[in-house]
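Trainee: Pasting a structure here, questions to come.
The values are calculated or read from the model by the stated rules, or taken from the named source; none is laboratory data. What you see is a predicted model; the values in this text were computed from it and never measured. Reconstructed Cβ throughout: ideal geometry from the backbone, glycine too, with neighbour counts over all protein chains shown. Areas reflect the complete protein model, heavy atoms only, side chains present, ligands, DNA and RNA absent. Shrake-Rupley method; radii C 1.70, N 1.55, O 1.52, S 1.80 Å.
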Amino acid sequence: FLTAEDACGGTMRGSSGIISSPSFPNEYQNNADCTWTIVAEPGDTISLIFTDFQMEEKYDYLEVEGSEPPTIWLSGMNIPPPVISNKNWLRLHFVTDSNHRYRGFSAHYQG
């Protein structure tokens, strides 16, 4: 079981874990640029379930690649629906601008 709370990005392996924005549940920093890659066993898919989501609409966002549609762009104050990968990896790219900080996101993944 892995947590990536303090790290800004990295590769997450294992059948389950938690990914959250830097400093969560405190506010994320400005000008963040973090990329996490979740890698499951070949042939497996990954489900990503958001438990918390709060970021500045349009300016701070989380981009998810590896699912259908190929790129999902998430922002704002609503918890997004679960994301299911279509291969054995998902990539999460978290970007923030230079002002307005919120709590960010936390998500649980399982392969």
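Trainee: Of the residues 104, 66, 111, which is on the phi > 0 side of the Ramachandran plot, out of contact with any strand residue (DSSP E or B) (no Cβ under 6 Å at 6 or more places or on another chain) and of a type in the set (Gly, Ala, Ser)? It would help to see each step written out before you state the result.
Mentor: Numbers: 66 fails: out of contact with any strand residue (DSSP E or B) (no Cβ under 6 Å at 6 or more places or on another chain); 111 fails: on the phi > 0 side of the Ramachandran plot.
Among 104, 66, 111, only 104 is on the phi > 0 side of the Ramachandran plot, out of contact with any strand residue (DSSP E or B) (no Cβ under 6 Å at 6 or more places or on another chain) and of a type in the set (Gly, Ala, Ser).
Trainee: If you don't mind, another one. When you look at residue 60, is it in contact (Cβ under 8 Å) with a residue 24 or more places away in the chain, open to solvent by less than 70 Å² (accessible area, probe 1.4 Å) and in contact with an Asp or Glu (Cβ under 7 Å, 6 or more places away or on another chain), yes or no?
Mentor: Values: in contact (Cβ under 8 Å) with a residue 24 or more places away in the chain: yes; open to solvent by less than 70 Å² (accessible area, probe 1.4 Å): yes; in contact with an Asp or Glu (Cβ under 7 Å, 6 or more places away or on another chain): yes.
Taking the combined requirement at face value, the residue satisfies it.
Trainee: All but one of (1) assigned to a loop (DSSP other than H, G, I, E, B); (2) in contact with a strand residue (DSSP E or B) (Cβ under 9 Å, 6 or more places away or on another chain); (3) open to solvent by 80 Å² or more (accessible area, probe 1.4 Å) hold for residue 28, so report the exception by its number.
Mentor: (3)
Trainee: Here is a list of conditions, (1) open to solvent by less than 10 Å² (accessible area, probe 1.4 Å); (2) modelled with pLDDT under 95; (3) small (Gly, Ala, Ser), and residue 107 meets all of them except one; can you say which number that is?
Mentor: Failed condition: (2).
Trainee: Within the range 76-97, how many residues are over 13 Å from residue 38 (Cβ atoms) and either of a type in the set (Gly, Ala, Ser) or open to solvent by less than 40 Å² (accessible area, probe 1.4 Å) (or both)?
Mentor: Residues that pass the stated criteria total 6.
Trainee: Can you confirm whether the range 3-14 contains a residue that is closer than 18 Å to residue 91 by Cβ, assigned to a loop (DSSP other than H, G, I, E, B) and open to solvent by less than 20 Å² (accessible area, probe 1.4 Å)?
Mentor: Taking every residue of the range 3-14 in turn, at least one turns out to be closer than 18 Å to residue 91 by Cβ, assigned to a loop (DSSP other than H, G, I, E, B) and open to solvent by less than 20 Å² (accessible area, probe 1.4 Å).
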